[in-house]
Amino acid sequence: MIKTIFALLKKDLLLELRQKHTFYGILLYVASTIFVLYLAVNNPGAETWNALFWIIQLFVCINAVAKSFLQESRGRMLYFFTISGAKEFIISKLIYNILLMLLMSLLSLVLFFLLLKNPLEDTGRFIGIVCLGGFSLSLVFTLLAAIAAKAQQNAALMAILGFPLIVPQLMLLIRLSKSAFGEVFREGAIMQITLLLIALDVMLVALSVILFPFFVEGLNNMQKNDS
């Protein structure tokens with residue numbers, strides 16, 4: 001199983017290297033969006049800076065993660081399910097999207113520091129929160145992109161299902177990141193929020209690994225019956 005997951009992960013990395021225009025397109029989106037923010041809001045306050053950062057991360061995640069499933073053709077996905085199984089396939093996608101989103105999150109943070117200055121009082125803590133946030137957002141949109149890809153490439157399904165899932169995570173991340181700006185929390189509150197985010201991440205991983213194979217099998221049976 002581990003060899004299969006790494007083989008699929010290597011496949012995704014090689015495809016990304018061959019199709020460099022998609023990766024560069026995401027980089028251009030990140031850089032141009034932050035540059036527009038720099039032109040519009042040269043020196044934002046701490047709360048505005050924090051809100052803008054997480055809004056950018058949300059849309060970066062949609063652009064970076066969603067394409068990993070939506071760009072796969074139906075025939076190619078059936079081939080991967082045949083040689084590897086749905087469970088290994090979804091785990092490899094989760095790992096790949098986590099790595100990609102961590103890279104994009106840290107790159108966005110660097111551009112924010114360069115263009116919009118650094119209002120943080122605890123930069124190290126915020127970097128850790130950014131990594132946790134990139135991890136969490138990538139899990140949500142990987143699962144949603146997988147469902148949308150199997151549902152006739154219905155991108156609207158991502159928006160419908162994503163709203164109730166992503167809002168609690170964003171609220172927790174924004175609240176948690178305020179601690180890096182010097183806001184005082186009651187004792188144990190930061191740890192409670194962090195543990196809640198980790199619990200949500202574990203739940204999403206479990207749902208992806210457990211439910212995705214059944215979802216794939218059910219849709220394949222429906223397609224066979226229709227044919």
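Check whether at least one residue in the range 189-201 is at pLDDT below 80 and either open to solvent by 30 Å² or more (accessible area, probe 1.4 Å) or of a type outside the set (D, E, K, R) (or both), and report yes or no. Even if it seems obvious, please write down each step before you answer.
We begin by selecting, within the range 189-201, every residue at pLDDT below 80; these are 189.
Within this subset, residues satisfying the condition of being either open to solvent by 30 Å² or more (accessible area, probe 1.4 Å) or of a type outside the set (D, E, K, R) (or both) are 189.
Yes: the range 189-201 contains one or more residues that are at pLDDT below 80 and either open to solvent by 30 Å² or more (accessible area, probe 1.4 Å) or of a type outside the set (D, E, K, R) (or both).
Pull up the range 83-106, narrow it to residues that are of a type in the set (Gly, Ala, Ser) and over 11 Å from the mean Cα position of the chain (by Cα), then point me to the one that is farthest from Val140 (Cα to Cα).
Selected residue: Ser84.
Among the criteria (1) closer than 18 Å to Ile56 by Cα; (2) of a type outside the set (Lys, Arg); (3) surrounded by 14 or more Cβ atoms within 10 Å (Cβ to Cβ); (4) at pLDDT 80 or above, the one Val110 does not fulfil is (3). Pairing each residue of the range 179-195 that is part of a loop (DSSP other than H, G, I, E, B) with any residue that is not β-branched (Val, Ile, Thr), provided the two are 6+ apart or on different chains, yields C-beta distances under 7 Å for Gly182/Glu121; Phe185/Ser179. Within the range 13-25, none of the residues are in contact with a Gly (Cβ under 9 Å, 6 or more places away or on another chain) and among the polar types (S, T, N, Q). All conditions but one from (1) open to solvent by 10 Å² or more (accessible area, probe 1.4 Å); (2) part of a helix (DSSP H, G or I); (3) at pLDDT below 85 apply to Leu170; the one that does not is (3). When we screen Thr48, Thr33 for residues that are hydroxyl-bearing (Ser, Thr, Tyr), under 18 Å from Phe126 (Cβ atoms) and part of a helix (DSSP H, G or I), the only hit is Thr48.
The values are calculated or read from the model by the stated rules, or taken from the named source; none is laboratory data. Just so you know, these numbers come straight off a predicted model, no measurement behind them. Ideal geometry is used to build each Cβ from the backbone, glycine not excepted, and the neighbour counts take in all protein chains shown. Heads up: the accessible areas ignore ligands, DNA and RNA and are worked out on the full protein's heavy atoms, side chains in. Shrake-Rupley method; radii C 1.70, N 1.55, O 1.52, S 1.80 Å.
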